[in-house]
Structures are given as C-alpha cells and as structure tokens.
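Heads up, the thing below is written out as structure tokens.
The values are calculated or read from the model by the stated rules, or taken from the named source; none is laboratory data. Nothing here was measured: the structure is a model prediction, and the numbers come from that model. Cβ atoms come from the backbone with ideal geometry, glycine included; neighbour counts cover every protein chain shown. The protein model used for the area step is the full one, side chains on, heavy atoms only, and it has no ligands, DNA or RNA in it. Shrake-Rupley method; radii C 1.70, N 1.55, O 1.52, S 1.80 Å.
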Amino acid sequence: MLRYLDNAENAKGRINENYAREIMELHTMGVGSGYTQEDVQELARILTGVGVNFQPPDPNAQKPAPQPDHIRAGLFEFNPARHDYGVKHFLSHTIEGRGFPEVEQALDILARHPATATYVSRKIVTYFMSDTPPEALVQRMAQSFRTTDGDIVSVLLVMFKSPEFAGSLSAKAKYKDPMQFVLSAVRLAYDTKVILNAGPIMGWLNRLAEGLYNHPTPDGYPMTAAAWNSPGQMATRFEIARQIGSNAGGLFRAPPPDTAERPAFPQIASAFYFNVVQPTLSAATRSALDQAGSPQEWNTLFLSSPEFMR
C-alpha cells in the first residue's frame, strides 16, 4: 500500500496525499463522514518519511551514525530525514512534530472516531448479511465498537445475536461472491476429503474475476450482488458447477512425482441434504432436480440453483 499509493515518495517539501486520502476514505472514516481536504493534507504531512527500503543490509559496510528517530523493520522504514516535523492540526487535534509517534497518534484518532465505528460496522453487515444493511443494527454495532475500543469480537457478537441476522439467514438475503460460491461448492461436494491440487480452484476464481491477489486497487473486491450476477458470470458459474458436480476437476491429483489422481466422487445428495437442505428449496428447484438424468446432472443443477447462490 505504501508503494502503490506513493507514500514511499511522500516527503517534506514533496507532499503526496494519495495514501492519506485512502486511509480516511476506504479504511477508517469513509467518504462524506466529516473530514476535510485540510485533514487529508495534514495526515499526509504526518505520514512523511513512512515508506519502504528494499536495500538489504550490507554486513561489511561501515555502520552509519545512529539516527534517534529512524525505524527499520524488514522492508518497512521510517526515514526522519524525509519527515515534516512541524506542528499538525488533524481532525481538531493538535499533533506536535515528534516523528513516528505522530503516525501512531493519528491512527489512534482515526480508529476511535465515531465515523470509523459506523463505517466498519456497515462493512461487516454488508459482508455477512445484506447489500442494504439495517441501519438500526449498524448503529448498535457501532456503539459496541466505540465502547469496547474497537473490539471486533464484541462487534460481531452484536450482529450474530441480533434478530436481523437470524432473519437474513432464513431469507437467504446475501448473494455469494465467487470465492464463497466456489469454496462452498467444493466443501459440500467433497466434505472432508483433502485437496491435493488447488490449481483448479485458482483457475475457477480467475475465470470468475475474483482471483487471489488480482485486485490491484486498495478498495478490495466488491461485496454486493450487482458486481457478480451478470449473465456472463452466471454462465461461468454453471460451467464450474458442472465440473465440480461431475468430477473432481483434478483437485485430488497429487503433485509430481506422484501424479496419480485419487478417486473422488461428489456426495451432495446425502442425509444432510434430505434432512436439512431439501425443505428449504423452492418447488421450482425441487422440480428441476427431479428431472435430472444422472447423479452428475443432479449435482450440477443443485450447485446452479438460486438457493445455492445465496
């Protein structure tokens, strides 16, 4: 993030606001939460000197004179020669120039800001429950965030114990993103069988445009259904459902030199299905499953059903 958002180039006299803006916009307070352009500029000044250093230490080099404020931890570096030591005024707080402790103080201010509590709580509800989070639940979670100093376990418990969360489970309100769709399908089909080759899963996620580490921007993959339920996306999901439901797709082929594929057969129509899942299916889905011509086709239809997409 320091490199992608140019904070490695952020220095006194050459201020770069990119990282400061995204910290506030994407990762703490959120857009429209009350911070100003002046706050962004002051946070950028606070972050001057925070960057990376890819030069490996030379054991034979003469050690330079120690710099009291210099920090080097792995690739991370705080370089005091690049830092603006002037006084800053950030979110109604005065921050005295004293090096890296300024960064820690600014992050504490952001983490404890009420807008951060609301923004993070809304993100959590969006991920677990609904593209349109219930505002009353968001505010109860935000209150827990504030009173517990950001303890995420406490915030999650407020959500998990809420009637809104229970209702979202019965209503199946949340549409699966590609990661959730693929992994839930593999887990349901092959239960506890250990995957020997993750290559097919990686390929499926790439085809569904949610490959690991493939999202270059700092906002992360979207969490709402509109990003993942296009006709093209659905057609690809149906094809992946066929591969998972018909055979293992190479998931159980051992790596070289032992390349033999272990037998694996999808076990979806199990007691769990008949006792737990089947009663929750619509009449249309049950009718489609009844018309399947083979176990493989039945698996494909189930993994492609509207109910399994949620």
With label points built 7 Å along Cα→Cβ from the Cα atoms of residue 207 and residue 108, find their separation and express it in nm. 5.2 nm
Identify, among 103, 121, 169, the residue whose Cα sits farthest towards the positive end of the charge dipole of the stretch 37-185, taking +1 on the Cβ of Lys and Arg and -1 on the Cβ of Asp and Glu, with the dipole about the Cα centre. 169
Using a Förster distance of 22 Å, the FRET efficiency for residue 87-residue 217 (Cβ separation, nearest 0.05): 0.10
As a check on your grasp of the helix formula, calculate [θ] at 222 nm for the chain: sum -39500 (n - 2.57) over DSSP H runs of n ≥ 4, divide by the residue count, round to the nearest 500. -13000 deg cm²/dmol
Residues of the stretch 112-142 with backbone N under 19 Å of the label point set 7 Å from the Cα of residue 282 along Cα→Cβ are 131
In nanometres, what is the gap between the two model label sites at residue 265 and residue 131, each 7 Å from Cα along Cα-to-Cβ? 4.0 nm
Using the Cα gyration tensor of the stretch 159-223, with a ≥ b ≥ c the square roots of its eigenvalues, what is the shape: rounded (a/c below 1.5), prolate (a/b larger than b/c) or oblate (neither)? oblate
For the chain, averaging the sequence separation of alpha carbon pairs under 8 Å that lie six or more residues apart and dividing by its residue count, the contact order in percent is 13 percent
Counting other Cβ atoms within 10 Å, which GluC sites (Glu not before Pro) in the stretch 77-110 have at most 13 and lie in a DSSP loop? 96
Per-residue accessible area for residue 14 at 1.4 Å probe radius, Å² rounded to 10? 140 Å²
Which net charge results when you count Lys and Arg as +1 and Asp and Glu as -1 among the other residues whose beta-carbon is under 15 Å from that of residue 93? -3
Between residue 41 and residue 1, Cβ-based FRET efficiency (R0 25 Å, step 0.05) works out to 0.85
Report, in order of residue number, the helices in the chain meeting two criteria: a C-alpha extent of 15 Å or more along the helix axis, and a mean Kyte-Doolittle hydropathy of at least -0.5; treat each whole DSSP H run as one helix. 100-111, 114-128, 135-147, 178-190, 231-246
Determine the sum of side-chain charges near residue 200: Lys and Arg each +1, Asp and Glu each -1, restricted to other residues whose C-beta is under 11 angstrom from that of residue 200. +2
How much length would be gained if the chain were fully extended between residue 172 and residue 149, taking 0.36 nm per residue of separation minus their Cα-Cα distance, in nm to one decimal? 5.1 nm
With the Cα gyration tensor of the stretch 227-310 giving a ≥ b ≥ c as the square roots of its eigenvalues, does the rule (a/c under 1.5 for rounded; else a/b larger than b/c for prolate; else oblate) give rounded, prolate or oblate? oblate
Which net charge results when you count Lys and Arg as +1 and Asp and Glu as -1 among the other residues whose beta-carbon is under 12 Å from that of residue 121? +3
Quick check: from the Cα gyration tensor, does the stretch 155-310 come out rounded (a/c under 1.5), prolate or oblate? oblate
Solvent-accessible surface ranking, highest first, for 88, 161 at 1.4 angstrom: 161, 88
With at most 13 neighbouring Cβ atoms within 10 Å, loop chymotrypsin sites (Phe, Trp or Tyr not before Pro) (DSSP) excluded, longest segment of the chain: 55-212
Between residue 33 and residue 161, what FRET efficiency follows from the Cβ-Cβ distance if R0 is 25 Å, with the result rounded to 0.05? 0.40
Measuring from label point to label point, each 7 Å out along Cα→Cβ, what is the residue 26 to residue 183 span in nm? 2.1 nm
Of 89, 52, 15, whose Cα points farthest to the positive end of the dipole of the chain (charges on the beta-carbon: +1 Lys, Arg; -1 Asp, Glu; origin at the Cα centre)? 52
Among 260, 308, 27, which residue has its Cα furthest toward the positive end of the charge dipole of the chain, with +1 on Lys/Arg Cβ and -1 on Asp/Glu Cβ? 260
Using a 1.4 Å probe over the heavy atoms of the protein chains, calculate the carbon and sulfur portion of the accessible area of the chain as a whole percent. 57 percent
Over the stretch 99-160, what relative contact order in percent results from Cα pairs under 8 Å that are six or more residues apart? 31 percent
Net dipole in debye of the stretch 17-86 [+1 Lys, Arg Cβ; -1 Asp, Glu Cβ; about Cα centre; nearest 20]: 320 debye
